[in-house]
Amino acid sequence: MPNEGYTMVTHEKPFRYLSGDLKVTRGASWSGPGCHDGCGVLLYTNAEDKLVRVEGDPENPYNQGRLCVRCLALTEAVNHPDRLRYPMKRDPKKRGTEAFERITWSEAYDFIEEKLRYYKDNFGAESVVFWRGTGRDIATYISRFAWSYGSPNLTSGINGIACYAPRVFGCASTSGSFWVGDYSQQFADRYENPQWKPPGTIAIWGNNPLISNSDGLYGHWIIDCMKRGSHLLVVDPKCTWLAAKSALWLQIRPGTDAALAMGLANYMIQEEIYDKEFVDLWCYGFDEFSERVSPYTLEKTSEITWIPPEKIVQAARMIAASDGFALQWGVAVDQTTEALPACQALSALIMITGNLDNPGGMIKPPELLNYLGGWGQEFLPQEQEEKRLGIDKYSFYRTGVVSAAALTVLEAIEKGEPYPMKAAWIQTTDIITGTGPDPQRAKEAFEKLEFIVGVDLFMTATMMALADVLLPAATYPERNGIRVGDGCQRGETINQAADPGECKADMEILLEMGRRFNPEAWPWETVEDMYSYILTDSGLSFAEMQEAAPVFLPYEYHKYKTGKLRRDGQVGFNTLTGRVELYSTMYSRLGLDPLPEFYEPTPSPYSTPELYEEYPLIIITGARDWMYFHSENRRQEHLRALRPEPVVEMHPDTAKKYGLTEGEWVWLEGHRGRAKRIVSLNLGLDPRVVSTSHGWSHPEAGPERLYDTRELNINSLIAWEDMSKIGVGANYKVMLCKIYKVTA
Amino acid sequence: MSKAFLIDYEWCTGCHSCEVACQMVNDFPPGQFGVKLSILGPWPYEDDKWIFTNVPFFTEQCTCCAGLETATGQPYCVAHCQAKCLVFGELDELQKQMTAKPSQLLQGVGQR
Ligand code: SF4
Ligand code: SF4
Ligand code: SF4
């Protein structure tokens, strides 16, 4: 039995059972392939242990039997003939060619150990960078490997840590915790739970959760809540389906979210419709905050954001009057130049309306493992931590951000300063295809490194261009794991169903490498022992959790009133002042602006008018397609058929102005570079704004062409330097471009 | 008895799960569908109103998942519908449900 306070669901069957000729394995999904969720799945395998079908687990309260297309078409990824099947090695001089040779796992491990030992002994462990992507369930173990090896240079390869981290660290700094919308996800009985009520208003702000399923949110919970009475306020430059169904849609100019939030706050304060009691009792710095937002009158806010003043009024009144207000904010807030003060501005809206720790408002996600903080930092010696690239430049990186600054790492590789960089460990990321800026620059920098290890499911542009040793990873149905990650955590296991052949779990590779360098940090015989250790607090071992999962953690509302948010047991929030800080004492101590602020994006029509003349359209990148998670899934034929090529969406007037027609190939060109797209008309966009997705490649183009990433990667328009002065935020969603036809 | 699908199109988000669930479980190649989505919009009308409506249509290739063993006993598309806006059942039963909420679509698929 799990420890007290944990709740379970009842299962009709054991986690492995037979259905006709097929074996069924119940468990959670997680990467890769995957997303940020970890839905409950039933994996059907045949007598040869081959995955033949995936079904949503109706007993799992998380997704309640539902699945998106990516897990439905999972067999096409797992059984794909292009999967990497065995470890390979290639002479660094032959990078970019298919000169890989098959080696055994023990040869691979020994060779990697020898090389990494050499760099550690001769140049210091900091000369090896650990470069990962979104990481998901694998991130935890990569961080432990980097740190226990002795390198502080671990990064998720995105400049300005501009994904999720600004929101999380921003909230933690000002209110002592991250907060997520309350959709009843913390309860095993979900919508039936008597303590829960649906949010009166959900603000969908800077994300399209139905498609993105990000940060531990199953997007269609929004629909479940709408059916139960929640109203939507949507802040998006595009008329998404949710915007069309909303009570109010604010068509915002990209990158001006902070100004809108400050305008909304100012209006609520002027009209005295904020929650005075909560502010009096639990907020710190209200006067300074009120003064800071006071210039953001309706007129000024409207001018900056392109939103009519009367709609700003409507939105402010809607938020203030709402019985439970959930801020469903997304990556667009992180992907502006200065994300920290923007996050502060948005989170002020939940603070001054008292929507913290309350049913149908914002909740502190229960955790078994501090997911974003990494795992095992205590194994990194202090003198190594001092060498972490970026901490001298960005004071905020000393307060909870555990990664190195990706741009600073890149510069160190390029210039050999402040110390030489020699090798890279690349896992869970496709640098040349995926989420980082200027892929060409990243590629050229990495080419300078003497030794590169890659771990992946498929041959990717990055692995083809860079890997000297390439290790084949198992997909999630082929190995065990646990789903403790972003959002509200549950005791949830990923259970092996299919035969991985020679592929190995990412975690197994890290455990094996880790113990060769630091056995004390990796005392476990098997990955399952390691998972049991992480699950300790639940009172269940991994094997017991496999049967019982999902297991829900203890949860209660209004903990700030009972002293349960703070270690010292005092009432209030886990900040220095014990209140949620509209004026941040932590930022003030770090020499940062203690109050929220709006910074005009650069480039933009107003900050760089000359550039705007040559590049007359605002382009937002990272629009999500139903079929794809970042660079993944392009090889799954049923998914690819639904969206064969990347599109740029634009208003028909925009197309007309530039003589373009639906379906034709165009170049999108900014002052940094260009990328190809197909025109798709959409009346739901402002004619001054175009929108496109990212992570594109053509697997059919073959490895030597790097799968056409050179012409498809939209991040060619973005420079590594297009980022925040304090290291938090980058410009992915606010660039300028021009559009012209592709001519042969 | 005559079978039918009741489609509460107010909630259909256009997620394609019904389409892909059907293709995978029936081994249909890309381009063949037991159920196929139509996407209408977005376009604006009147003051600030938008049409953005998705409607799945069941084709003659749909077998109603007869003989398929699943955890719920439901057709694969229905079981996975992310908006939970599809119901499969007896035509006359579903007609009653439609009376309760008339702004739905009822597609009869005959005896399958
Ligand atoms: S949201 Fe989709 S890809 Fe993510 S776990 Fe659920 S079904 Fe799989
Ligand atoms: S009922 Fe079965 S065969 Fe018919 S559309 Fe749905 S999944 Fe396809
Ligand atoms: S699965 Fe449901 S919500 Fe998704 S497209 Fe089909 S009918 Fe619509």
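The values are calculated or read from the model by the stated rules, or taken from the named source; none is laboratory data. Just so we're clear, the structure is a prediction, and the values are computed from it rather than from any experiment. Counting neighbours? That spans all protein chains shown, and the Cβs are built from the backbone with ideal geometry, glycine included.
Here are some notes:
- A Cβ distance below 8 Å, combined with a sequence gap of six or more or placement on separate chains, defines the contacts here; from region A:119-136, residues that are closer than 18 Å to A:Asp506 by Cβ reach residues that are of a type in the set (Ser, Thr, Tyr) and assigned to a strand (DSSP E or B) in the pairs A:Val129/A:Thr155; A:Phe130/A:Thr155; A:Trp131/A:Thr155; A:Arg132/A:Thr155.
- For region A:296-350, the tally of residues that are outside any helix (DSSP H, G or I), without any contact (Cβ under 8 Å) to a residue 60 or more places away in the chain and aliphatic (A, V, I, L, M) stands at 1.
- Condition check for A:Tyr17: without any contact (Cβ under 8 Å) to a residue 12 or more places away in the chain, within 27 Å of A:Leu553 (Cα to Cα) and not β-branched (Val, Ile, Thr): yes
- Flag not set for B:Phe5, criterion: away from ligand 1 (no atom under 16 Å from the Cβ), surrounded by fewer than 23 Cβ atoms within 10 Å (Cβ to Cβ) and of a type in the set (A, V, I, L, M, F, W, C).
- The helices (runs of 4 or more DSSP H) located wholly in region A:401-496 that include 3 or more residues which are surrounded by fewer than 24 Cβ atoms within 10 Å (Cβ to Cβ) occupy A:406-415, A:439-447.
- Some residue of region A:519-530 being assigned to a helix (DSSP H, G or I) and out of contact with any Phe, Trp or Tyr (no Cβ under 7 Å at 6 or more places or on another chain): yes
- Count of region B:38-70 residues which are assigned to a strand (DSSP E or B), more than 10 Å from every other protein chain (Cβ to nearest Cβ) and more than 16 Å from ligand 2 (Cβ to nearest atom): 2
- Enumeration of residues in region B:28-37 that are outside any strand (DSSP E or B) and either in contact with a Lys or Arg (Cβ under 6 Å, 6 or more places away or on another chain) or within 12 Å of ligand 3 (Cβ to nearest atom) (or both): B:Phe33, B:Gly34
- Within region A:243-266, residues that are more than 14 Å from chain B (Cβ to nearest Cβ) sit with their Cβ atoms under 7 Å from residues that are surrounded by fewer than 23 Cβ atoms within 10 Å (Cβ to Cβ) and assigned to a helix (DSSP H, G or I), at 6+ positions apart or across chains, in these pairs: A:Thr256/A:Ile304; A:Ala259/A:Ile304; A:Gly263/A:Leu298.
- Scanning region B:1-27 for residues being within 13 Å of ligand 3 (Cβ to nearest atom), more than 8 Å from chain A (Cβ to nearest Cβ) and not in a loop (DSSP other than H, G, I, E, B) gives a total of 5.
- Residue count, region B:48-74 (criterion: of a type in the set (Gly, Ala, Ser) and surrounded by 14 or more Cβ atoms within 10 Å (Cβ to Cβ)): 1
- Among (1) surrounded by 22 or more Cβ atoms within 10 Å (Cβ to Cβ); (2) under 30 Å from A:Ser173 (Cβ atoms); (3) out of contact with any Lys or Arg (no Cβ under 7 Å at 6 or more places or on another chain), the one test that A:Glu632 misses: (2)
- Failed condition for A:Asp215, given (1) under 20 Å from the mean Cα position of the chain (by Cα); (2) within 14 Å of chain B (Cβ to nearest Cβ); (3) charged (D, E, K, R): (2)
- Within region A:158-212, considering residues that are without any contact (Cβ under 8 Å) to a residue 60 or more places away in the chain and not in a helix (DSSP H, G or I), the one farthest from the other protein chains (Cβ to nearest Cβ): A:Pro194
- Test set (1) closer than 30 Å to A:Val453 by Cα; (2) without any contact (Cβ under 8 Å) to a residue 60 or more places away in the chain; (3) not assigned by TED's automatic domain parsing to the domain that holds A:Tyr17 - A:Asp506 fails condition number: (2)
Here's the yes/no breakdown for (1) over 28 Å from the mean Cα position of the chain (by Cα); (2) farther than 26 Å from A:Ile432 by Cβ:
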{"site": "A:Gln546", "(1), (2)": "no, yes"}
{"site": "A:Glu556", "(1), (2)": "no, yes"}
{"site": "A:Ser607", "(1), (2)": "yes, yes"}
{"site": "A:Arg624", "(1), (2)": "no, no"}
{"site": "A:Phe629", "(1), (2)": "no, no"}
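- On the stretch given as region A:559-613, residues that are assigned to a helix (DSSP H, G or I), touching a residue at least 24 places away in the same chain (Cβ under 8 Å) and either in contact with a helix residue (DSSP H, G or I) (Cβ under 8 Å, 6 or more places away or on another chain) or surrounded by fewer than 13 Cβ atoms within 10 Å (Cβ to Cβ) (or both) total 3.
- Residue-level check: of (1) over 27 Å from the mean Cα position of the chain (by Cα); (2) over 20 Å from A:Leu84 (Cβ atoms), A:Asp468 misses just (2).
- Test for A:Thr155: is it buried (at least 23 other Cβ atoms within 10 Å of the Cβ) and either farther than 27 Å from A:Glu492 by Cα or free of Cβ contacts under 8 Å to residues at least 40 places away in the same chain (or both): no
- Subset tally (residues that are crowded, with 21+ Cβ neighbours inside 10 Å and more than 14 Å from every other protein chain (Cβ to nearest Cβ)) for region A:675-692: 6
- Reported count of residues in region A:61-73, each being over 13 Å from A:Tyr218 (Cα atoms), touching a strand residue (DSSP E or B) at 6+ places or on another chain (Cβ under 9 Å) and either more than 8 Å from chain B (Cβ to nearest Cβ) or among the hydroxyl-bearing types (Ser, Thr, Tyr) (or both), is 1.
- If the condition is being surrounded by fewer than 20 Cβ atoms within 10 Å (Cβ to Cβ) and not charged (D, E, K, R), then region A:643-659 contributes A:Pro644, A:His651, A:Pro652, A:Tyr658, A:Gly659.
- Any hit, region A:671-691, residues being over 22 Å from A:Asn633 (Cα atoms), in contact with a Gly (Cβ under 6 Å, 6 or more places away or on another chain) and not β-branched (Val, Ile, Thr): no
- Within region B:62-91, being within 16 Å of ligand 1 (Cβ to nearest atom) and in contact (Cβ under 8 Å) with a residue 12 or more places away in the chain holds for B:Tyr76, B:Cys77, B:Ala79, B:His80, B:Cys81, B:Gln82, B:Ala83, B:Lys84.
- Selected residue (criterion: farthest from the other protein chains (Cβ to nearest Cβ)) from residues of region B:75-104 that are surrounded by fewer than 22 Cβ atoms within 10 Å (Cβ to Cβ) and in a loop (DSSP other than H, G, I, E, B): B:Pro102
- Qualifying residue in region A:52-60 (condition: at pLDDT 95 or above, over 22 Å from A:Lys504 (Cα atoms) and more than 12 Å from chain B (Cβ to nearest Cβ)): no
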